[in-house]
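Worksheet: the structure to be examined is printed underneath.
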Amino acid sequence: NDRIYHISNDFNTIYKTLSAKLPEVTKWIENTAKKYNGEFKARLKVLEAAKSKNKFVPAESLSDILGVRLLVNSINEAKVALNGISKSVRLIHIDDFLDDIGRSNKGSEYRAIHAQVLTKDGYTFELQIRLKALEKSTDKSHAIYKQLKWNKDYLTADEIAKLQGEQVKINSELKAGYFKAQKKEFAILKTDNPLDMPIAVGTRIDDVTGERVTLTRTARELFEEEGKDLTMLKRLKDCI
């Protein structure tokens, strides 16, 4: 059931190829972060750590040898960024944990969007889109997740219990932080009607501040616009 992320299944070929791509990919995520008024990180997985993971996962299924991260201010901005990025590069897989469910069904409150970016020569790298406000807690959560998933056989019962206790605490922080961010965004809406909740459709540069501003439309506006278009098409259908 492992997904195939690379055209090759040879670890050394994959690692060497993605190592060479690091400068280009770093430049790409830097420009992307500027476009969406965010911050960025880029890294190549340490060789020994990648080899260790390769013991459990086929080389062609290693998704995070090369990884980049985009940090944005809000959930809506994260969705806008994902939508925009999907139009400029090919994403072969997306896991959106930046919603009300998150990973709670897996015992975690981890909140982020993961996407796999396909390169022209058949290799991929991982893109994570996260909220700035949740970055520290998300990092802690992921570190514990890796310990419990990959190193559990080498830990004592006490060490496992300690990590699980820390995970419960981090889950609480993530859940509180996420719903705080969500509540803040909903407060801006000033309505409980789903038809009037804004939908991100793009961005623009503010003429005064130079900042990138999210463009939104409500479902009501979109439905009304569609209705007007249909009415006009009916009027023009018999025109020559």
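List of remarks:
- Set E185, E221: member being among the acidic types (D, E), over 30 Å from I144 (Cβ atoms) and either open to solvent by less than 50 Å² (accessible area, probe 1.4 Å) or at pLDDT below 75 (or both): E221
- Condition check for D95: over 29 Å from T13 (Cα atoms), surrounded by fewer than 19 Cβ atoms within 10 Å (Cβ to Cβ) and at pLDDT below 90: no
- Inter-residue pairs, beta-carbon under 8 Å, first over 15 Å from E166 (Cα atoms) and open to solvent by less than 90 Å² (accessible area, probe 1.4 Å) and in segment 133-153, second modelled with pLDDT of 90 or more and part of a helix (DSSP H, G or I), 6+ apart: W150/S52; W150/K53
- Residue selected from segment 1-19 under the condition open to solvent by less than 50 Å² (accessible area, probe 1.4 Å) and of a type in the set (S, T, Y), by the criterion nearest to L91 (Cα to Cα): Y5
- Cross-chain or 6+ apart pairs with Cβ under 7 Å, segment 1-27 first and closer than 17 Å to K53 by Cβ and acidic (D, E), then at pLDDT 95 or above and not in a loop (DSSP other than H, G, I, E, B): D2/S61; D10/A59
- The set of residues from segment 41-66 being of a type in the set (A, V, I, L, M, F, W, C) and open to solvent by less than 80 Å² (accessible area, probe 1.4 Å) comprises A42, L44, L47, A49, A50, V57, A59, L62, I65, L66.
- A Cβ distance below 7 Å, combined with a sequence gap of six or more or placement on separate chains, defines the contacts here; from segment 44-70, residues that are of a type in the set (D, E, K, R) reach residues that are open to solvent by 50 Å² or more (accessible area, probe 1.4 Å) and assigned to a helix (DSSP H, G or I) in the pairs K53/W150.
- Flag for E166 being under 23 Å from E39 (Cβ atoms) and either of a type outside the set (F, W, Y) or in a loop (DSSP other than H, G, I, E, B) (or both): no
- E159 meets the stated requirement of being more than 17 Å from the chain's Cα centre (by Cα), at pLDDT 90 or above and not small (G, A, S).
- Residues (open to solvent by less than 30 Å² (accessible area, probe 1.4 Å) and modelled with pLDDT under 95) located in segment 20-37: Y36
The values are calculated or read from the model by the stated rules, or taken from the named source; none is laboratory data. It should be emphasised that the depicted structure is a prediction, and the values quoted were computed from it without experimental measurement. Cβ sites come from the backbone with ideal geometry, for glycine too, and all protein chains shown count toward neighbours. The area values use the complete protein model at the heavy-atom level, side chains included, leaving out ligands, DNA and RNA. Shrake-Rupley method; radii C 1.70, N 1.55, O 1.52, S 1.80 Å.
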